[in-house]
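The values are calculated or read from the model by the stated rules, or taken from the named source; none is laboratory data. It should be emphasised that the depicted structure is a prediction, and the values quoted were computed from it without experimental measurement. Note that we place each Cβ from the backbone using ideal geometry, even for glycine, and neighbour counts take in every protein chain shown. With ligands, DNA and RNA removed, areas are computed over all heavy atoms of the protein, side chains included. Shrake-Rupley method; radii C 1.70, N 1.55, O 1.52, S 1.80 Å.
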Amino acid sequence: MSAETAQNARGSGGASLFSDQRFRSLFFQALVIGLLGAFLVFIVYNTAHNIEKRGIQTGFAFLDAAAGYDIAISPFMEYTATHTHGRVFLVGLFNTLLVSFLGIIAATFLGVFLGVLRLSPNWLVSRIVYCYVEFTRNVPLLLQILLWYAIFLALPAVKQSITMFNDIIILNKRGLIVPEPLPGDGFMLVPVALVLALFASIFFARWAKKTQAATGKIYPVFMTNTAMIIGLPLLAFAVTGFPLDFAYAELKGFNFKGGVVIKPEFTALWFALSLYTAAFISETVRAGIQSVSHGQTEASEALGLRPSWTMRLIILPQALRVIIPPMTSQYLNLTKNSSLAVAIGYPDIVQSFGGVTLNQTGQAIEVIFITMLVYLTISLLISGFMNWYNNRVSLVER
Amino acid sequence: MKFGKVLFAAAAATAMTTAAQAGTLDDIKARGELNCGVATPLPGFAAPNAENVWEGLDVDVCRAVAAAVLGDPMKVKITPTTSKERFTVLQSGEIDLLARNTTWTLSRDVNLGFEFVGVNYYDGQGFLVNKSLGVSSATELDGASVCVQTGTTTELNLADYFRAQGMKYETVPVATAEEGAKVYDEGRCDVYTTDASGLYSLRSTLSAPDEQIVLPEIISKEPLGPLVRHGDQQWGDIARWTLNAMIIAEELGVSSANIDEMASSTNPSVLRLIGAEGNMGEQLGLDAKWAYNVVKTVGNYGESFKRNLTDTLNIERGINAQWKDGGLLYAPPMR
């Protein structure tokens, strides 16, 4: 304060308000905000003006108009060309979510597995993983997607399909075809049993932890819960008399009819996204594990803990602290990278809604705006969830 | 000084708005170059030749407009566009003219804010299949996988056709004709569908062109033509009458080879075309010899068609013949 007053004193006599530091900073901030505001107003005005001048239609009415084109992949809802552009949006959104979700799961498992292998004392194993990581993360993702697509298109043609297990599973360049499950009467009991088993395992895990804290007695939580989660639905399935039929695919005309087709566009995108992101995740996991000093392991062994316990109780909780934040970015990257689907025609939101709908309706601003909002929402949700998880696993510092 | 900055920004903003309103013709003359959007390589319509110079029926429209406006058919900056991005590129002003085998439809004319200036190729959608499938009609395509370029009227016609026929199909979307050719060649789809001219063009790029047949059914009307943005009528007129000049030149028998002898013609229509009579150029805001330049350097419509489509792809004139030869080409009189 005193320095400022001194400055004011020196700059007095109406020389300039600019010698006042507070005024100066306020002035520049106001100026920057004003310029930014003026710029935004100009952009909005200019866009609206030009759209009007060229007679381009605006508004969101197109969402209710019939789309008129077909979409190859729509696993969660019925879609035909007579449905609306609004429906196209949902189909595209679900396709994006599907490939991102499965990609995140696969990348996480593979990434953690590779990260641990990378630290293996076995020279060959760790070198192989090293080569995989360096190769995968240094080749652009788009090329990897195209590579996988080319590989799947190099499979045999429809008439020369590879068949497995007595023609039950069929593989050709149009995709992998598996029997379609047709649940019969009473099948609903199976998912109900699964949900029950899940609740029971959570309850048992909590109870076991409490009991251990109170009495020191340890229960085989993992084995019991696995048995429950697998066993209970199986039991329900058996009790209701195996009410599940399968529709098998048959070669009719150009293609196989019936069954569930997993298309090469989806598989190529999923493989490429998972393998690419797994390479980054494995490095994150390796760094996380290495960040825990070796003394911790030695101390744990000295206390007589088993190696698996050392990993689970000593190393992982400390490593996760380091692992979670970069992992969040990887998940966000994977989700956003899924928009490269456009290159091979997988109908995600950018290919279908942000591409074809944009083109058929010509309403670029509205469509791009909605598409951007979708990615923003998905990203914020992922990052919100990961922040919550990060808070849970972070060490409580005393 | 700070206020000077604000003023400068405001001035720049105003300048940008006014620039967007200025005449396209003046912009091109000032630039000395026409920005023209064409197809990503589609042999016959727009593709670079061995010397990397773009050629084709659509490219000739670009060159003709450049010849009319700037007197030189080579003063064109060619921008290849995919079917998806073509409209945005034109709307945003990145190109002045889009000559990219684009179908003239009501919603494109009205909703997208464009102005189609004519038709330079009357086309219709067809199907290309491999002979080995033993298909002889499009009505036998139930259950087939169909490759189609996204964001096209083709995609909509395809859905309509199969729905009307009560048949099912698997759509395999591709972004460009080149990519489509690759995927079709690989056998990802049984059928490739696009405008018939595009099918002939695509067939020439496949690994075994003789193994492919185009099915007899033509399922749509596809009048393909160049288009400009709404809002600059003068520019639209120039593009429209450049195309008409090429068509009229053929009708009058004026070609790049004989146009210099035509100065002694007694036909007033010919004299108006080559600028020896009347003030057509002045009315359009162009040089009096604008149409002369077009025909002299690019040729008339028939020459362009023969050079780009008949000689290389064996495409017949068909309905694209002059009206007096039983075709659909009919340019309004230039007077």
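If you take each beta carbon of peptide A:24-32 and count the beta carbons of other chains within 10 angstrom, what is the mean?
Taking the mean over all residues of the peptide, I get 1.
How large is the Rg to Rh ratio of segment B:124-220 when both quantities use alpha carbon positions and Rh follows Kirkwood?
Using Cα coordinates only, the ratio equals 0.91.
Sort B:PHE127, A:PHE385, A:PHE222, A:PHE280 by accessible area with a 1.4 Å probe, largest first.
Of B:PHE127, A:PHE385, A:PHE222, A:PHE280, the descending order of accessible area is A:PHE222, A:PHE385, A:PHE280, B:PHE127.
Per residue Cα convex hull volume for segment A:179-235, in cubic angstrom?
Each residue corresponds to 76 Å³ of Cα convex hull volume.
I'd like the accessible area for A:ARG286, computed on protein heavy atoms only with a 1.4 Å probe and all protein chains in place. Round to 10 Å², please.
Approximately 50 Å² of A:ARG286 is accessible to the 1.4 Å probe.
Please say if segment A:194-322 is rounded, prolate or oblate, where rounded means a/c under 1.5 for a ≥ b ≥ c the square roots of the C-alpha gyration tensor eigenvalues, and otherwise the choice is prolate for a/b larger than b/c and oblate otherwise?
Here segment A:194-322 falls in the oblate category.
So what does A:LYS257 come to for accessible area, using a 1.4 Å probe and Å² rounded to 10?
About 90 Å², ignoring ligands and nucleic acids.
Would you mind calculating the relative contact order of chain B from Cα pairs under 8 angstrom and at least 6 residues apart, reporting the percent as a whole number?
21
Order the following by accessible area, largest value first: B:LYS306, B:LYS75. Probe radius 1.4 Å; ligands, DNA and RNA are ignored.
The residues order as B:LYS306, B:LYS75, largest area first.
In terms of the ratio Rg/(2.2 N^0.38 Å) built on C-alpha atoms, what value belongs to segment B:66-177?
Against the compact-globule rule of thumb, the ratio is 1.33.
Taking the convex hull of the alpha carbon atoms in the protein assembly as shown, what volume per residue do you get, in Å³?
Hull volume over Cα atoms, normalised by residue count, gives 250 Å³.
Determine the shielding of peptide A:357-364 by partner chains: average, over its residues, the number of Cβ atoms on other chains within 10 angstrom of each Cβ.
That works out to 6 on average.
Top mean-square fluctuation among A:ASP70, A:ASP245, A:ASP348, Gaussian network model of chain A, C-alpha springs under 10 Å?
A:ASP245
Hey, what do the phi angles of segment B:200-217 turn into as Karplus ³J(HN,Hα) couplings, whole Hz, using 6.51/-1.76/1.60 and θ = phi - 60°, x for Gly and Pro?
Computed from phi, the couplings for segment B:200-217 are 4, 5, 5, 4, 5, 9, 7, 6, 10, x, 6, 7, 9, 10, 9, 5, x, 5 Hz.
Could you give the dipole magnitude of the protein assembly as shown about its Cα centre, charging the beta-carbon of Lys and Arg +1 and that of Asp and Glu -1, in debye to the nearest 20?
Rounded to the nearest 20 debye, it is 3280 debye.
Going by average Cβ density within 10 Å per residue, which order do the peptides B:324-330, B:80-86 take, highest to lowest?
B:80-86, B:324-330
Considering the dipole of chain B built from charges on the beta carbon (Lys and Arg +1, Asp and Glu -1) around the Cα centre, which of B:VAL228, B:GLY32, B:GLY253 is farthest to its positive end?
The residue sitting most towards the positive pole is B:GLY32.
Express the C-alpha Rg of segment B:221-318 as a ratio against the empirical globular expectation 2.2 N^0.38 Å, rounded to two decimals.
Compared with the compact-globule rule of thumb, segment B:221-318 sits at 1.16.
What percentages, rounded to whole numbers, describe P(r) for chain B computed over all alpha carbon pairs with 20 Å bin width beginning at zero?
The distribution over chain B is 30, 52, 17, 1, given as percents.
Counting pairs of alpha carbon atoms under 8 Å apart in space and at least six apart in sequence, what relative contact order in percent does chain A give?
The normalised contact order for chain A reaches 21 percent.
Taking all protein chains in place and a 1.4 Å probe, what share, in percent, of the accessible surface of the protein assembly as shown do carbon and sulfur account for?
63
At a temperature of 20 °C and a viscosity of 1.002 mPa s, determine how fast chain A diffuses translationally according to Stokes-Einstein, using the Kirkwood radius over alpha-carbon pairs as Rh; express D in µm²/s, rounded to the nearest whole number.
80
Check B:TYR169: other-chain or 5+ apart residues with amide H under 5 Å from its amide H, H built from backbone geometry?
For B:TYR169, whose amide H was placed from the backbone, the distant partners under 5 Å are B:GLY143.
Using the Karplus curve 6.51 cos²θ - 1.76 cosθ + 1.60 with θ = phi - 60°, what ³J(HN,Hα) values do you get for each residue of segment A:204-211, in whole Hz, with x for Gly and Pro?
Coupling constants for segment A:204-211: 5, 4, 5, 4, 4, 5, 5, 4 Hz.
Let me know the shape class of segment A:43-114, please: from the alpha-carbon gyration tensor, a ≥ b ≥ c as square roots of the eigenvalues, rounded when a/c is under 1.5, otherwise prolate if a/b is greater than b/c, or oblate.
oblate
Average partner chain C-beta neighbours within 10 Å, per residue of A:343-351?
Per residue, the average neighbour count from other chains is 3.
Under a 1.4 Å probe, what is the accessible area of the protein assembly as shown per residue, stated in Å²?
Ligands and nucleic acids excluded, the figure is 50 Å² per residue.
Would you calculate a helix-derived [θ] at 222 nm for chain A, using -39,500 (n - 2.57) for each DSSP H run of n ≥ 4 and dividing by the full residue count, to the nearest 500?
-21000 deg cm²/dmol
Among rounded, prolate and oblate, which fits segment A:136-252 when a ≥ b ≥ c are the square roots of the eigenvalues of its C-alpha gyration tensor, a/c under 1.5 means rounded, and a/b larger than b/c means prolate?
oblate
Apply the Karplus curve 6.51 cos²θ - 1.76 cosθ + 1.60, θ = phi - 60°, to the phi angles in segment A:217-227 and return the couplings in whole Hz, x for Gly and Pro.
Going residue by residue, I get 7, 10, 9, x, 4, 4, 5, 4, 5, 4, 4 Hz, with x marking Gly and Pro.
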